[in-house]
Amino acid sequence: MSAPEVFPPPPEVSAAAHIPSFKKYQEMYERSVQEPNAFWGEIANSFYWRVPPSQPLLRYNFDITKGKIFVEWMKGGVTNICYNVLDRNVQEKNLGDKVAFYWEGNEPEDATSITYAELLKKVCQFANVLRDQGVKKGDRISIYMPMVIELVVAMLACARIGAIHSIVFAGFSAESLCERILDSHCSVLITADGFFRGDKLINLKVIADEALKKCAEKNYPLKKCIVLKHLGRDDVFCDGTSNASPPCKRPCPNMQENKQEKQKRSHPQTPWNPSVDLWWHDLMKNASLECEPEWCDAEDQLFILYTSGSTGKPKGVVHTVGGYMIFTATTFKYVFDYHQGDIYWCTADIGWITGHSYLTYGPLANGATSVLFEGLPIYPDISRMWQIIDKYSVSKFYTAPTAIRLLMKFGEEPVKRYSRKSLKILGTVGEPINPEAWLWYYNVVGDQRCPIVDTFWQTETGGHVLTPLPGATAAKPGSATFPFFGVVPAILDEAGEELEGEAEGYLVFKQPWPALMRTVYGNHERFETTYFKKFPGYYVTGDGCKRDKDGYYWITGRIDDMLNVSGHLLSTAEVESALVEHSSVAEAAAVSHPHPVKGECLYCFVTLRDGHEFNKTLIDQLKKLVREKIGPIATPDYIQNAPGLPKTRSGKIMRRVLRKIAKDDHDLGDISTLADTTVIQQLFSDRCKTVL
Ligand code: WTA
């Protein structure tokens, strides 16, 4: 592989940054790992504690051969995260009138905003509603909602009264919702009547009802379901005639004529079970605006978020109050180099960890103003993202490589239609970003002005663990660069030996940072087995990783996406990155495939850009490209044309399914997280049957 380009931080970004140089990063990093108690103690002091935590802040065991795995930060300290992210901003920092969220609906003209003071009031009201419904500290509450401000209200209200929220992404099926409610024994479900995704109406309440029916069939009848009326609501979807309260905040041009728009929002009546269902707005009517927080131990559980396991049942990842609070706040501040006045936009859904940490808790802890976007990147047209950036003067923008690749398909013109001059820093998360997408993001979206932070982390890590800092780190496209404060990575070989210098192997971490998950809900043994058993003494990420001669870390994809061709360890991500460099290829997925001589070989699926043809010449060019980029060892044995790829709703390619397709194995296992199952049949029928 030829040496990658290096992109030093622009001097004007460094000059204004919290961490203005690599040297400063190194000094702080050294201290954070040598003296974690002192380093995090100072940060913890900038939060409100009813009872301050005492030293040492950190107690843990990472070595399963020495007993139970546990991690505790600041245990004995008493606080409340909702109080820290709302009350303090309003009362002590004078941010009451500052906008916490600009809400941008599915349709461009649907928009509203909420200030910190207003958000605090709503959260207090809803916290009182929950208490009135009998919710107590430690109870689990399932939240299944679209991307609306009330989703934030619901989660913070839980946090305020010490209830544990379990948010289920609103794209999950009834079956998945039921499974998650049962696993964590939730007592209340909070949902909405429905919402639009592009021009498609999702009747969320119908799905929620189906989930509750399934729960009842499994002897778990849920007694309470709180339903937000979101469709056709007056406060944000103003038709120019209503006397909405609170009044609509945006002007209502031409809505009278816009009958078609209204038509789109007409919807069937919400199915209702009066013995279980309660309207959100009815309950809120008489709820008090004041609500004393429940004071919690730093190690009390804050939330559960389910993430898929490599096999079978999803795991309920548990995060606790104190460590998660200080780590998401600190990573947000340094990684996005947050300053008052920034407008920040994270496109992730709150149903995923990115939406928890970097749309809700991290930004709010810093008193930031964020955009909360309900819609889709290319609806109603392919310029929507850039239009939103200009509309709100977004300065920090955080999205996923899959979105970047999708938008790349349409070329530069839709981007250049908007100025994007407010942008300062760009971020990515979720999967390795191929250098081609990185460069497009940098050159086209950021006009070569904006550093890119490629943040590597997981639901389990709670916040960024490997990441550049925009004013300090010289970026290499495709590398998540260096560890964040408090994080000590290592690369292990199959035998569990730590590799030094340039190396490739298993990415592990040697000591806990504050937001590492604490357990798998209801199954501590699964926590220990999944993350600590393979290599005693280390947290195992499950990702493969490479360290280059300059010490940069490069995530090479999940270990289960690694393959061994004739004794050489290869990463499918690396091959994919080579394939998408071809001008005809929009997206690629490579999987390992059994081979009688080499052990394993590469089977690749490619999605072509519009107007390009799949033929023998293209196949030869692609093979040549991979050979050139990585070496002859990586030459694919199979390349299949794939009009679509099987993806989860969060956009991750399900390579497990592709491996089965390559083998003509129709036993696909659990595909409940798949966004669109119709691509599967086509892929099976187009399968390559012989080596090219
Ligand atoms: C992958 C998302 C490369 C990785 C926050 C990890 C990444 C999994 C990156 C966690 C990145 C996330 N570069 N790979 N910057 N970010 N990943 O739990 O495989 O949805 O283990 O958390 O995504 O996915 P999760």
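The values are calculated or read from the model by the stated rules, or taken from the named source; none is laboratory data. This is a predicted model, so every value here is computed, not measured. No Cβ is skipped: glycine too gets one built from the backbone with ideal geometry, and neighbour counts run over all protein chains shown. Just the protein is used for accessible areas: all its heavy atoms, side chains included, with ligands, DNA and RNA removed. Shrake-Rupley method; radii C 1.70, N 1.55, O 1.52, S 1.80 Å.
For this structure, a couple of remarks:
- Scanning region 312-340 for residues being in a loop (DSSP other than H, G, I, E, B), away from the ligand (no atom under 14 Å from the Cβ) and in contact (Cβ under 8 Å) with a residue 40 or more places away in the chain gives a total of 6.
- The residue of region 436-473 that is farthest from the ligand (Cβ to nearest atom), among those that are touching a strand residue (DSSP E or B) at 6+ places or on another chain (Cβ under 8 Å) and small (Gly, Ala, Ser), is Gly446.
- From the options Ile181, Ile149, residue that is of a type in the set (Val, Ile, Thr) and touching a helix residue (DSSP H, G or I) at 6+ places or on another chain (Cβ under 7 Å): Ile181
- Residues that are farther than 16 Å from Ile141 by Cα and acidic (Asp, Glu), drawn from region 183-208: Asp193, Asp199
- Only one entry of Leu58, Leu86, Leu120 meets the criterion of being touching a strand residue (DSSP E or B) at 6+ places or on another chain (Cβ under 6 Å), within 24 Å of Thr320 (Cβ to Cβ) and open to solvent by less than 30 Å² (accessible area, probe 1.4 Å), and that entry is Leu58.
- Apart from one condition, Phe410 fits all of (1) away from the ligand (no atom under 15 Å from the Cβ); (2) surrounded by 16 or more Cβ atoms within 10 Å (Cβ to Cβ); the exception is (2).
- Cross-chain or 6+ apart pairs with Cβ under 7 Å, region 72-90 first and on the phi > 0 side of the Ramachandran plot, then part of a helix (DSSP H, G or I): Met74/Ala44; Met74/Gly322; Met74/Gly323
- Among residues of region 600-619, those that are open to solvent by 50 Å² or more (accessible area, probe 1.4 Å) and within 25 Å of Lys660 (Cα to Cα), counted: 4
- Cβ-Cβ under 6 Å pairs, at least 6 apart or on other chains, region 173-196 side in a helix (DSSP H, G or I), far side polar (S, T, N, Q): Glu175/Ser672; Ser176/Ser672; Ile181/Ser142; Ser184/Ser166
- Residues satisfying the stated conditions in region 484-495, i.e. open to solvent by 10 Å² or more (accessible area, probe 1.4 Å) and either modelled with pLDDT of 95 or more or of a type in the set (Phe, Trp, Tyr) (or both): Val488, Pro489
- Taking the criterion of being open to solvent by less than 40 Å² (accessible area, probe 1.4 Å) and in contact with a helix residue (DSSP H, G or I) (Cβ under 8 Å, 6 or more places away or on another chain), the residues of region 39-55 that qualify are Phe39, Trp40, Ile43, Ala44, Phe47, Pro53.
- Residue check for Ala127: farther than 24 Å from Val394 by Cβ and open to solvent by less than 40 Å² (accessible area, probe 1.4 Å): yes
- For region 387-403, residues that are open to solvent by less than 30 Å² (accessible area, probe 1.4 Å), touching a residue at least 40 places away in the same chain (Cβ under 8 Å) and either assigned to a helix (DSSP H, G or I) or farther than 27 Å from Ala589 by Cα (or both) total 8.
- Residue, nearest to Glu290 (Cα to Cα), within region 110-127, restricted to residues that are in contact (Cβ under 8 Å) with a residue 60 or more places away in the chain and outside any helix (DSSP H, G or I): Ser113
- First in region 426-447 and more than 25 Å from His356 (Cβ to Cβ), second anywhere and in a loop (DSSP other than H, G, I, E, B) and open to solvent by 30 Å² or more (accessible area, probe 1.4 Å), Cβ under 7 Å, 6 or more apart: Pro435/Pro4; Glu436/Glu581; Tyr442/Gln448; Val444/Glu412
- With respect to (1) within 20 Å of Ala100 (Cβ to Cβ); (2) open to solvent by 20 Å² or more (accessible area, probe 1.4 Å); (3) more than 16 Å from the ligand (Cβ to nearest atom), the lone exception for Ser419 is condition (1).
- Within region 533-561, residues that are near the ligand (Cβ under 10 Å from one of its atoms) sit with their Cβ atoms under 7 Å from residues that are outside any strand (DSSP E or B) and of a type in the set (Asp, Glu), at 6+ positions apart or across chains, in these pairs: Trp554/Asp548; Thr556/Glu574.
- Each residue in region 566-591 was checked for being assigned to a strand (DSSP E or B) and at pLDDT 90 or above, and 7 of them qualify.
- Pairs where the first residue, in region 350-376, is within 12 Å of the ligand (Cβ to nearest atom) and the second is among the aliphatic types (A, V, I, L, M) and in a helix (DSSP H, G or I), C-beta under 8 Å, 6+ apart: His356/Met155
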